[in-house]
Amino acid sequence: MRRATDCLLVVDIQNDFMPAGALAVPKGDEIVPLVNRIAANFAVVVLTQDWHPAGHASFASSHPGKRPYQKIRLAYGEQILWPDHCVQGTSGAAFHRDLDIPHAQLVIRKGHHRKVDSYSAFLEADRKTKTGLDGYLKSRGVKRVFCAGLATDFCVAWSAMDARRFGLQAVVVEDACRAIDAGGSLAAAWASMKKAGVKRVSSAALP
Ligand code: VGL
Ligand code: ZN
């Protein structure tokens, strides 16, 4: 049963994560109509937007000699390097034009500190800096977060696991997500999510 204390978190449905985008998530465009349909049944909807300054530390181009998808060590630990993507104010950072959730109430922009990445909608990659989403959800009385969007194995997984960390129930709507799946990252993400107590449902079985 959908409860007044449920929230839908719609993660990073942005042009750069679409098949023609800078950091393409295969079939990322397929989920947009489904996410719109699901969102219509939630009173509380939060959108996230990956939102990096030019020269961001997660960009391979910021590290001479490095290529996208290589790993490096930054001050806070291991970082996968990505193609330049979701640069603040660019069309790549804009939401997909067909995303249609006019009743969404909050947009969390993340990854805006130049030296720190943030896959999670709650906590940046230093695992210390908060985005403020935990406080917002608490203020609104939210107890359960359903997650949809891109990419299953990065921003969706990290956000769902951090929802658990902040004492919320977390459910990933599997068919309303698509993955990058680089080097086994999707299987690893599902295993970590299971361990963290994140549930997994299909949109047809949404309570
Ligand atoms: C994402 C890699 C880099 C995501 C964002 O939205 O999953 N992945 N930035
Ligand atoms: Zn990013």
Seminar exercise, completed: For A204, the lone unmet condition from (1) away from ligand 2 (no atom under 15 Å from the Cβ); (2) of a type in the set (G, A, S); (3) crowded, with 23+ Cβ neighbours inside 10 Å is (3)
Exercise. Does A125 fit the bill of being within 15 Å of ligand 2 (Cβ to nearest atom), under 16 Å from the mean Cα position of the chain (by Cα) and among the aliphatic types (A, V, I, L, M)?
Worked result: yes
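Go through the range 180-192 and give me each residue that's aliphatic (A, V, I, L, M), more than 18 Å from T48 (Cα to Cα) and in contact with a strand residue (DSSP E or B) (Cβ under 9 Å, 6 or more places away or on another chain).
Selection gives A182 alone.
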For this session: Evaluate the following for A157: is it near ligand 1 (Cβ under 9 Å from one of its atoms) and among the small types (G, A, S)?
Result: yes
Problem set entry | Matching option when the condition is under 24 Å from E174 (Cβ atoms), crowded, with 19+ Cβ neighbours inside 10 Å and among the small types (G, A, S), among G149, G111 | G149
Seminar exercise, completed: Within the range 161-179, restricting to residues that are touching a residue at least 40 places away in the same chain (Cβ under 8 Å) and touching a strand residue (DSSP E or B) at 6+ places or on another chain (Cβ under 7 Å), the one that is nearest to V142 (Cα to Cα) is A163
Exercise. Picking from L23, L99, L47, L81, which residue would you name as being within 17 Å of the chain's Cα centre (by Cα), free of Cβ contacts under 8 Å to residues at least 24 places away in the same chain and within 16 Å of ligand 1 (Cβ to nearest atom)?
Worked result: L81
Exercise. Could we say that D162 is buried (at least 21 other Cβ atoms within 10 Å of the Cβ), part of a helix (DSSP H, G or I) and not aliphatic (A, V, I, L, M) here?
Worked result: yes
Seminar exercise, completed: Here the residues within the range 168-198 that are closer than 13 Å to C147 by Cα and either part of a helix (DSSP H, G or I) or aliphatic (A, V, I, L, M) (or both) are L168, A170, V171, V172, V173, A176, M193, V198
Exercise. Within the range 2-16, is there a residue that is more than 14 Å from ligand 1 (Cβ to nearest atom), of a type in the set (A, V, I, L, M), part of a strand (DSSP E or B) and at pLDDT 95 or above?
Worked result: yes
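I'd like to check something: does the range 7-16 contain any residue that is more than 12 Å from ligand 2 (Cβ to nearest atom), over 17 Å from the mean Cα position of the chain (by Cα) and farther than 16 Å from D153 by Cα?
no
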Exercise. More than 10 Å from ligand 1 (Cβ to nearest atom) and either under 16 Å from the mean Cα position of the chain (by Cα) or of a type in the set (D, E) (or both) - does that describe any residue in the range 53-66?
Worked result: no
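The values are calculated or read from the model by the stated rules, or taken from the named source; none is laboratory data. Because the structure is predicted, anything quoted here is derived from the model rather than measured. Don't worry about glycine lacking a Cβ; one is built from the backbone with ideal geometry, like all the others, and counts go over all protein chains shown.
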